[in-house]
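Accompanying notes for the structure given below.
The values are calculated or read from the model by the stated rules, or taken from the named source; none is laboratory data. Computed from a predicted structure; not experimentally measured. Reconstructed Cβ throughout: ideal geometry from the backbone, glycine too, with neighbour counts over all protein chains shown. For the accessible areas, the whole protein counts, side chains as well, though only heavy atoms, and no ligand, DNA or RNA atoms are used. Shrake-Rupley method; radii C 1.70, N 1.55, O 1.52, S 1.80 Å.
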Amino acid sequence: LSKVDNMDAFLMECSKKTHIGVGELRLFISRADGHDELAREEFQSLWDRLHLCPVGFYRASEVIFNCHASSGHVEVLVAAQKDTSIAEFPRGIINLEVSLLANRDIDLMLWDPEASMWVVKWEGGIIGRGKQNGEYKGAQLTFSGDDSRGPLYEESVTIKGHLPTKLALKVHNYASMDTAVVLSYSWDQIEGPSSKNPPSGCKAIDEENAATSADQMSEWMLKTYGSQHEAWQSFQRRYAVRSGVSEWMRLFSNGLRFNDWQQVWQAWPAHQQAPSSWQEVFFFADADHNGVVNETELGALYRQHKVKEVLSDLFMGLHQSEPNWTTAWQDSAEGSTKITSSRWQSMVMDLLEKRRLPGGSPVCKPPPAQKPAVFAQSTRVELGQAGKPKKIGNAEELGLVGNSFAVLARLKVSGEAPSSQVGPVLGTPDAAEDQALFLGVFGGRPAMSFGGKVCQSDVVMPVDGWVEIAWVYDASTKEQRLYLDGSTVKVCGGVTAFLGFGAAVWEGLGEDPAVSWEASLGSLQIFPSVVPGYELRSMFKYTPKWQLDGEVTIDDADSAVKMGTSDSLGIRHRSFTALVSLFRDKSEDNGYQSVYTIFGTPKDNSLEMVVWNGKLGFSFGVTRCASDLVVPTGKWVDVGFVYDAERREHAIYQDGVLSKKCGGVEPYEGEGSEVWLGLSGKGIGAWKGKMRNVKLYGHSECGEALRVLSGQAAEAPATAPTSRRLLSDGLGSVARQEEQSIEDVANDALAVVDLNHDGAIQQGEFLAELRAITGDTTLPVGSIATASATSTTSAAVVTMSTVATTTTARVATTTAVAKPTSMEAPAPPAPSTQAPAPALATPTPSAAPPVPAAPALAAPAPTPVAPAPAEPAPAIPPTPVAAS
């Protein structure tokens, strides 16, 4: 196809379909051999780059060995100062040419695994220093020899004739750092056993294992990165190879390519325990199979574990709360014949944000495991002029020196803050100015500084109200991060670790605070490691608003303990959970008039949690809720009082069991009421006995979580974020526009359940998923109508998750029970390896670089490229394509 054949019109048509400029497309074609024409052989090579393996197989090798003439090149990252295997050439290959190009000194080597012999090696090979031309098993070999001149290092080998044995291509990297190497290759034909389908380098995919590995990797990504955008930026910045070739290819391969993915995979600490290889998971993530995992595809992988969790929580929760499946269906479909996409969105939103199932029943799950703090304080402390600074420890002992750390606090600032106001929460006032640590507030904005670097938020804190602040330093990225109420408000880079060796750390003292600085500190925790953004909300949630460690004996008003006001404790107008272990003295009787206070408001008895008539009682004013279980004397009993403001419910738990639930309870109205432990007002007796493990949380909890928080059951593993706010940990407004949302998770989950892809969930599909999740084979088998040809579905935008979860992810959930054959809708087709149009005319970007080849045609002279500081692959001169 040449200019004579109207090449310009062809490129303009391609440009319309791909949205890539004519100039870039012309460059794409001309880079193959330096000419504008597109030969059949060039087209075949480009086509091969997009059609690597047949259906059901994945790319397991850097090079895929098609039977016909092929050529191309790939970039490979080779480890420092060691041998790395790059490819295995199959027996039966004819006229093979191979070259390696790098910016560091390397050696090309060929190894015969069957004969255990070096065929090509500068020192010790059949072909090497003393003999650069020769015969091996009937094939003629020519070796370029050792190239140690620089700045580019290129070595090559040509094998003329038929190769009757397998040969492994290895490269030794002499550099002290990992180095990008460009492998260029070509051959004329492959015959014999290797010519059978599939091509050598392709392996059959194990969908179940691949789905499991992808799910495990997804869970790690959720825990490590606060959002899918953050994960994408991190992977792009750290792992995507950038070189002359990559720069030219950026418009065509914007993402993580095959050889980039190995580094992403290795960043996952548990990758060696995964049941699949990195190549198999790359195939799984690369939903459109164009050789590049783009941001959309990575987002689907990032969400996969959350999608699985949503489906498990939703269907298992419905099964447990509604034993009759028809009620579960009616609650979900709201009387309709199907669950529409908008209704599904609402269901998932309620599940994640409100922990509510269709029909209103709560989802009860144990709280995630919490990181151990090196320092924790949950009693209220006044800061500023009204406070008294105190030394809390040494900087090294608190884990603040030389490493990552995180400091979390609940804070309430009183009054408007002038721009010059300095409000320390933690500081090292005795350290030199350039070594001092400051964590606090500058001019009403969260701020942190050490090592002479100051990081101040652009967001002003609200005043006269409680906020949750986190000051985080990540030593691995040299970043200071500021969080306010779970959202990132500032990230400052290029900051070396705090080096205040021997410095005393003070609470409420740092740089001289302004006279106007007044604040209350509700809780303070210090962790000697990074706390990811998505964990902050959970950590604050499960940090008690007030707690009493150890044991206290109360036998009269004088031994009671003042806790704080209803406002400072977060009780007024809100949900809360109060936990305590009680030991009733035998002097407490169970008479009708006998009332003993656990929590109370002595001023007016407007809030009471008591033992009355020997049983637990809970009241706001005249609204009362009383248990039917007797609290024994002379033994420890775990007690929980829960108020759910949304559901207007009181709940009383005794030893982890729900003993009473009362509805129609309006929120507590007592403004500024003082709350005491073991003391109420007139007419209600003080506690007589002991208490321990007293905790007050600012949210409502359920039975399973109460058992964990009371120490009666094990904590759940740390989980991924479960609310819109947690799912967004973007850096500023731009990133927040691209944050992962619950809608994305809902769309992905819908694509799993919607077997006929009509954009809604029919009763048969609902039952199929219910059976699959719960393993309940007594559920009926429903029918699934075939979707109309004109129907549309959100599955169209899901990319990987449709493939990931529709076919195999259910196996990795809570059951291995297969869905009945009679109700199966036709499975979605496996991803095709056949594109609808030639490579140059498809909008799918190619990861393939321009194609080098055998020296059958003259090539332009190469242009030297100076070595790059970060070891990118060198630029590749255009080379001709082998004739078929």
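Mind telling me which of the residues 596, 697, 653 ends up being open to solvent by less than 10 Å² (accessible area, probe 1.4 Å), of a type in the set (Ser, Thr, Tyr) and in contact (Cβ under 8 Å) with a residue 40 or more places away in the chain? Among 596, 697, 653, only 697 is open to solvent by less than 10 Å² (accessible area, probe 1.4 Å), of a type in the set (Ser, Thr, Tyr) and in contact (Cβ under 8 Å) with a residue 40 or more places away in the chain.
A quick yes/no check of all residues on (1) farther than 15 Å from residue 577 by Cβ; (2) modelled with pLDDT of 90 or more:
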site: 611; (1), (2): yes, yes
site: 631; (1), (2): yes, yes
site: 650; (1), (2): no, yes
site: 678; (1), (2): yes, yes
site: 681; (1), (2): yes, no
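Of the residues making up segment 88-121, those that are open to solvent by less than 10 Å² (accessible area, probe 1.4 Å), assigned to a strand (DSSP E or B) and not charged (D, E, K, R) number 12. Remark: pairs (first residue in segment 163-176, part of a loop (DSSP other than H, G, I, E, B); second residue small (Gly, Ala, Ser) and surrounded by fewer than 17 Cβ atoms within 10 Å (Cβ to Cβ); Cβ separation under 6 Å; 6+ apart in sequence or on different chains) = 175/80; 176/80. State whether the residues of segment 444-459 include one that is touching a helix residue (DSSP H, G or I) at 6+ places or on another chain (Cβ under 9 Å) and either closer than 11 Å to residue 482 by Cβ or charged (D, E, K, R) (or both). Yes, segment 444-459 contains at least one residue that is touching a helix residue (DSSP H, G or I) at 6+ places or on another chain (Cβ under 9 Å) and either closer than 11 Å to residue 482 by Cβ or charged (D, E, K, R) (or both).
Do the conditions hold for residue 141, that is, is it within 29 Å of residue 263 (Cβ to Cβ), among the hydrophobic types (A, V, I, L, M, F, W, C) and touching a residue at least 12 places away in the same chain (Cβ under 8 Å)? No: the conditions fail for residue 141. Quick check: anything in segment 264-281 over 20 Å from residue 58 (Cβ atoms), in a loop (DSSP other than H, G, I, E, B) and open to solvent by 30 Å² or more (accessible area, probe 1.4 Å)? Within segment 264-281 (the criterion being over 20 Å from residue 58 (Cβ atoms), in a loop (DSSP other than H, G, I, E, B) and open to solvent by 30 Å² or more (accessible area, probe 1.4 Å)), the answer is yes, since at least one residue qualifies. Cβ-Cβ contacts under 7 Å between residues 6 or more apart (or on different chains), taken from a first residue in segment 702-721 that is under 24 Å from residue 531 (Cα atoms) and surrounded by fewer than 21 Cβ atoms within 10 Å (Cβ to Cβ) to a second residue that is modelled with pLDDT of 50 or more and among the basic types (Lys, Arg), are listed as 716/365; 718/223. Note on segment 133-155: residues that are crowded, with 17+ Cβ neighbours inside 10 Å and either hydroxyl-bearing (Ser, Thr, Tyr) or in contact with a Gly (Cβ under 8 Å, 6 or more places away or on another chain) (or both) total 6.
Does segment 414-423 include one or more residues that are modelled with pLDDT of 90 or more, closer than 22 Å to residue 375 by Cβ and surrounded by 17 or more Cβ atoms within 10 Å (Cβ to Cβ)?
Pass one, segment 414-423, residues modelled with pLDDT of 90 or more: none.
Scanning segment 414-423, I find no residue that is modelled with pLDDT of 90 or more, closer than 22 Å to residue 375 by Cβ and surrounded by 17 or more Cβ atoms within 10 Å (Cβ to Cβ), so the answer is no.
Scanning segment 34-59 for residues that are outside any loop (DSSP other than H, G, I, E, B), surrounded by fewer than 19 Cβ atoms within 10 Å (Cβ to Cβ) and modelled with pLDDT under 75 gives no hits. Residues in segment 546-563 that are in a strand (DSSP E or B), open to solvent by 40 Å² or more (accessible area, probe 1.4 Å) and within 14 Å of residue 585 (Cβ to Cβ): 551, 553.
Do we find a residue being without any contact (Cβ under 8 Å) to a residue 40 or more places away in the chain, among the charged types (D, E, K, R), out of contact with any helix residue (DSSP H, G or I) (no Cβ under 8 Å at 6 or more places or on another chain) and open to solvent by 20 Å² or more (accessible area, probe 1.4 Å) anywhere in segment 601-609? No, because not a single residue in segment 601-609 is without any contact (Cβ under 8 Å) to a residue 40 or more places away in the chain, among the charged types (D, E, K, R), out of contact with any helix residue (DSSP H, G or I) (no Cβ under 8 Å at 6 or more places or on another chain) and open to solvent by 20 Å² or more (accessible area, probe 1.4 Å). How many residues are in contact with a strand residue (DSSP E or B) (Cβ under 7 Å, 6 or more places away or on another chain) and more than 20 Å from residue 446 (Cα to Cα) when one looks only at segment 380-412? Matching residues across segment 380-412 total 9. The set of residues from segment 400-424 being of a type in the set (A, V, I, L, M, F, W, C) and either part of a loop (DSSP other than H, G, I, E, B) or more than 21 Å from residue 539 (Cα to Cα) (or both) comprises 400, 401, 413, 417, 422. Residue 692 satisfies every condition listed in (1) part of a helix (DSSP H, G or I); (2) modelled with pLDDT of 50 or more; (3) not hydrophobic (A, V, I, L, M, F, W, C) except (1).
Per-residue answers, yes or no, for (1) closer than 17 Å to residue 329 by Cα; (2) open to solvent by 10 Å² or more (accessible area, probe 1.4 Å); (3) modelled with pLDDT under 90; (4) within 28 Å of the chain's Cα centre (by Cα):
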{"residue": "725", "(1), (2), (3), (4)": "no, yes, yes, yes"}
{"residue": "732", "(1), (2), (3), (4)": "no, yes, yes, yes"}
{"residue": "751", "(1), (2), (3), (4)": "no, no, no, yes"}
{"residue": "776", "(1), (2), (3), (4)": "yes, yes, yes, no"}
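Counting only residues that are of a type outside the set (Lys, Arg) and within 30 Å of residue 754 (Cα to Cα), segment 334-388 holds 27 of them. For segment 190-205, filtered to residues that are within 14 Å of residue 48 (Cβ to Cβ) and either outside any loop (DSSP other than H, G, I, E, B) or of a type in the set (Lys, Arg) (or both), the residue that is modelled with the lowest pLDDT is 200. Take the conditions (1) in contact (Cβ under 8 Å) with a residue 24 or more places away in the chain; (2) open to solvent by 40 Å² or more (accessible area, probe 1.4 Å); (3) in contact with a strand residue (DSSP E or B) (Cβ under 6 Å, 6 or more places away or on another chain); residue 638 misses just one of them, which is (2). In segment 292-304, the qualifying residues are those that are open to solvent by 10 Å² or more (accessible area, probe 1.4 Å) and over 9 Å from the mean Cα position of the chain (by Cα), and the one that is nearest to residue 54 (Cα to Cα) is 294.
Filtering segment 615-632 to residues that are under 20 Å from residue 710 (Cβ atoms) and open to solvent by 10 Å² or more (accessible area, probe 1.4 Å) leaves 615, 629, 630, 632.
What number of residues within segment 321-351 are among the polar types (S, T, N, Q) and in contact (Cβ under 8 Å) with a residue 24 or more places away in the chain?
The first filter runs over segment 321-351 and keeps only residues among the polar types (S, T, N, Q), leaving 321, 324, 326-327, 330, 332, 336-337, 340-342, 345-346.
Cutting the leftovers down to in contact (Cβ under 8 Å) with a residue 24 or more places away in the chain gives us 321, 327, 332, 337, 340-341, 345.
Of the residues in segment 321-351, 7 are among the polar types (S, T, N, Q) and in contact (Cβ under 8 Å) with a residue 24 or more places away in the chain.
Note on segment 577-619: residues that are closer than 22 Å to residue 696 by Cβ and in a loop (DSSP other than H, G, I, E, B) amount to 6.
Given the criteria part of a strand (DSSP E or B), in contact with a strand residue (DSSP E or B) (Cβ under 6 Å, 6 or more places away or on another chain) and either farther than 12 Å from residue 581 by Cα or modelled with pLDDT of 95 or more (or both), does residue 687 qualify? Against the criterion (part of a strand (DSSP E or B), in contact with a strand residue (DSSP E or B) (Cβ under 6 Å, 6 or more places away or on another chain) and either farther than 12 Å from residue 581 by Cα or modelled with pLDDT of 95 or more (or both)), residue 687 does not qualify.
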